[in-house]
1. Considering only region A:209-220, how many residues are in a loop (DSSP other than H, G, I, E, B) and surrounded by fewer than 17 Cβ atoms within 10 Å (Cβ to Cβ)?
2. Are there any pairs, at least 6 apart or on different chains, whose C-beta atoms fall under 7 Å, with the first in region B:67-91 and under 17 Å from B:GLU101 (Cβ atoms) and the second part of a loop (DSSP other than H, G, I, E, B) and not aliphatic (A, V, I, L, M), and if so, which?
3. Considering B:TYR429, B:TYR418, which residue is in contact with a Cys (Cβ under 6 Å, 6 or more places away or on another chain) and crowded, with 16+ Cβ neighbours inside 10 Å?
4. Could you tell me which of the residues B:SER291, B:SER327, B:SER308 is facing another protein chain (nearest Cβ under 10 Å) and either in contact with a Ser or Thr (Cβ under 8 Å, 6 or more places away or on another chain) or not basic (Lys, Arg) (or both)?
5. Is one or more of the residues making up region B:229-250 within 12 Å of chain A (Cβ to nearest Cβ) and either aliphatic (A, V, I, L, M) or under 18 Å from A:THR218 (Cα atoms) (or both)?
6. Just the residues that are more than 8 Å from chain B (Cβ to nearest Cβ), without any contact (Cβ under 8 Å) to a residue 24 or more places away in the chain and of a type in the set (Gly, Ala, Ser), please, taken from region A:197-227.
7. Give B:ASN108, B:ASN131 a once-over and let me know the one that is under 20 Å from A:VAL157 (Cβ atoms), of a type outside the set (Ser, Thr, Tyr) and within 14 Å of chain A (Cβ to nearest Cβ).
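The values are calculated or read from the model by the stated rules, or taken from the named source; none is laboratory data. All values derive from a computational prediction rather than experimental measurement. For neighbour counting, all protein chains shown are included, and Cβ atoms are generated from backbone atoms with ideal geometry for every residue, glycine included.
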Amino acid sequence: MKKWQLLLAIPLAFMLSFGTILSLGMKKLSTPQLSSNQNVVTAQTASQIQAVQQRLKELGYYDGPITGNYGPLTRAAVIKFQSDYGLNAEGYLGPQTLAMLGLSDNYSSQNNSDLYLLAKCVYAEARGESYVGQVAVAAVILNRVEHPSFPNTIAGVVYQPWAFTAVYDGQINLEPDQTAYSAAQDALNGWDPTYGCIYYYNPETATSQWIFSREVVTTIGKHVFAK
Amino acid sequence: MENKKTVQKNDKTKRRRAPVGWIVTCSILGGTVLGLGTLLYFSNQNANNHAMRLENMYQKSYYDFADNINNAEVKLSKALSTNDSNYAQKLLSEVSKNVSEAEDKLNNLPVSINGLEESLKFINQVGGYTNTLSKKLSRGETLSSSDKTTLRKLHSSIVEMKNSIGEMTNDMKDGYGILSNSLSLKGDYNDFTISLQTIKSNDVDYPTMIYDGPFADSQIEKDIKGLTGEMISMDEAKQKLSQIVKVAPEEISFMNETKSSFETYDFMFEKNQANCYAQMTKKGGKLITMSSFADNKNISMSKEDAISIAKEFIAETGVNDVECVWSDIIGGNAYLNFAPIENSVILYPDLIKIKVDLGGGAILGYEATSYYTNHTQRKLSEFKISSQQVQDKLQKEFTLISTKKALAPIEYSEILCYELTCYKNSDLYYFYFNSENGNLENVLRVIKTNDGNKLM
């Protein structure tokens, strides 16, 4: 009995585990990672709250400073406004309240897809680097967009075949952290510690001889930046 | 006897049971093998399908690329053989579209990055040059003889490129697989890149193009106008940085030197628990960039506070003539742009950008490359038309908020403009009207996004 029980168990276990691997793999592939970074949402709220405070001040409901902090003063003003305008007076800043304040949800209406894509590429390529190392990688991507030898959009540069290892091996699909977002934002705002470099490489792992022939501008962390 | 029987019976049962067990086991094993085999077959077929789809996309990109180059060649030859400037203008603008499409398609192909740099640059420059000439014709000007000479050279280069593409297309007809050839690496290139190298620059005679349009190399290497003073040593630079950021020199570490249009000493130090990276120019010892990051979600100060903190910091770096001309709050940080204002004209080319932490008021970032690249004593000409004249050009649905004078960087040159800020519905617009002829030079719209405002 035991002998063929064992014989039966092996393929069963194998099938089961194989099935699990398969289904896990499928799950990983099919779950879209769309959820926006929580920090960004919270952070955006700060400037939105400033707008709310400003508007409440204009309407005579709030006389505190414009801080962007949703403190007790602001909350009290929101509740007063809500009860005056026949809204649920819970102090919750929902779309209805925002619309009534004349601040319709315009802020969240457009996603900054360039920033997101840039942040993803920075995170995938340079998450182990210092902050300035991440700004530099973002700047190289943007310099390529401007450069005649490269595609003219951020998506074109990021997804250019053979351009970035992290795109090739799928790390590009990891969700970027707040540091990567901030580095991408800085680069978009014009920060470029590499002064126009269009290449970077890790001299310890680079296999291409050609890349060593480029004019080196600077080294930040593990990356050499070149023109 | 009884015992022997029992033993025999048991033996028989054993003998009978054993084959049943084996049959069950074998059939399960067989089933498993069959199942796995089927699974493997389908997943393999799936992979093949994906590979085929990818190959088809590559083939499409390749043929689109070839078509666009062929069309550009034909149109360019027509443009060279006509004296009708309207028709030439139309053709040149189409050539420009064709080559930019060709560039896009070539970029979709799995070429290793360093393989076709020169070809792409050539294609891009043809696009820029034909576009410039097309604009010139649409302004009513004519093509000079040197324009025509350059165009003829360009044409013969494109003819060579077209011939190379013809050879490649013959290989494609013989079943050349782009995907399979792109997967094997040979040194710095992959096989596909090597095949495509017939289209590489070395085979093409590139004319030297000197023009003021976009993508000209001369525009990428900018002259530095705003740096004066002696070359300083690393220690002197460290001392200067220490005074600006108020960190003792012993706590500032020298990291590296940067050699580019700006030559800098690069330093790292810690301030307010954040690692700051700062670059000081060797010439004149100016702070040119600084980067650091603070994950702050609490805002405890107003934008106005941030502006005055930023202004004090800029003064520490030795710049005293700037005012805040743009501000935006992204996350817990204020991004502020400062520019000099001369005779009430905002000098936008000379921007200094600064990032302030709205939690603790720390300076997180500083960027003065534009300022030191462009800032110089300029002779600003008089405004030839009145602000009323340009305000009259606004459409009625725009509500005017302010009219300012500005020097605006437009397509690599500086143009003296009126800057009109206005609202339409809830959208904010900036209009730039030329101060000499009132022409509209640029319109920017503020786009509100999840991550702050964006100008487009």
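1. First, pick out the residues of region A:209-220 that are in a loop (DSSP other than H, G, I, E, B): A:213-215.
Remaining after also requiring surrounded by fewer than 17 Cβ atoms within 10 Å (Cβ to Cβ): A:213, A:215.
Of the residues in that region, 2 qualify.
2. Pairs found: none.
3. B:TYR429
4. On the way: B:SER327 fails: facing another protein chain (nearest Cβ under 10 Å); B:SER308 fails: facing another protein chain (nearest Cβ under 10 Å).
Result: B:SER291 is the single residue among B:SER291, B:SER327, B:SER308 that is facing another protein chain (nearest Cβ under 10 Å) and either in contact with a Ser or Thr (Cβ under 8 Å, 6 or more places away or on another chain) or not basic (Lys, Arg) (or both).
5. Of region B:229-250, the ones within 12 Å of chain A (Cβ to nearest Cβ) are none.
Within region B:229-250, none of the residues are within 12 Å of chain A (Cβ to nearest Cβ) and either aliphatic (A, V, I, L, M) or under 18 Å from A:THR218 (Cα atoms) (or both).
6. A:ALA206, A:SER213
7. Values: B:ASN131 fails: under 20 Å from A:VAL157 (Cβ atoms).
Being under 20 Å from A:VAL157 (Cβ atoms), of a type outside the set (Ser, Thr, Tyr) and within 14 Å of chain A (Cβ to nearest Cβ) holds for just one of B:ASN108, B:ASN131, which is B:ASN108.
Residues checked against (1) touching a strand residue (DSSP E or B) at 6+ places or on another chain (Cβ under 7 Å); (2) under 30 Å from A:ASN69 (Cα atoms); (3) polar (S, T, N, Q); (4) assigned by TED's automatic domain parsing to the domain that holds B:ALA278:
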{"residue": "B:ILE341", "(1), (2), (3), (4)": "yes, no, no, yes"}
{"residue": "B:VAL345", "(1), (2), (3), (4)": "yes, no, no, yes"}
{"residue": "B:ALA368", "(1), (2), (3), (4)": "yes, no, no, yes"}
{"residue": "B:TYR430", "(1), (2), (3), (4)": "yes, no, no, no"}
{"residue": "B:GLU436", "(1), (2), (3), (4)": "no, no, no, no"}
{"residue": "B:LEU440", "(1), (2), (3), (4)": "yes, no, no, no"}
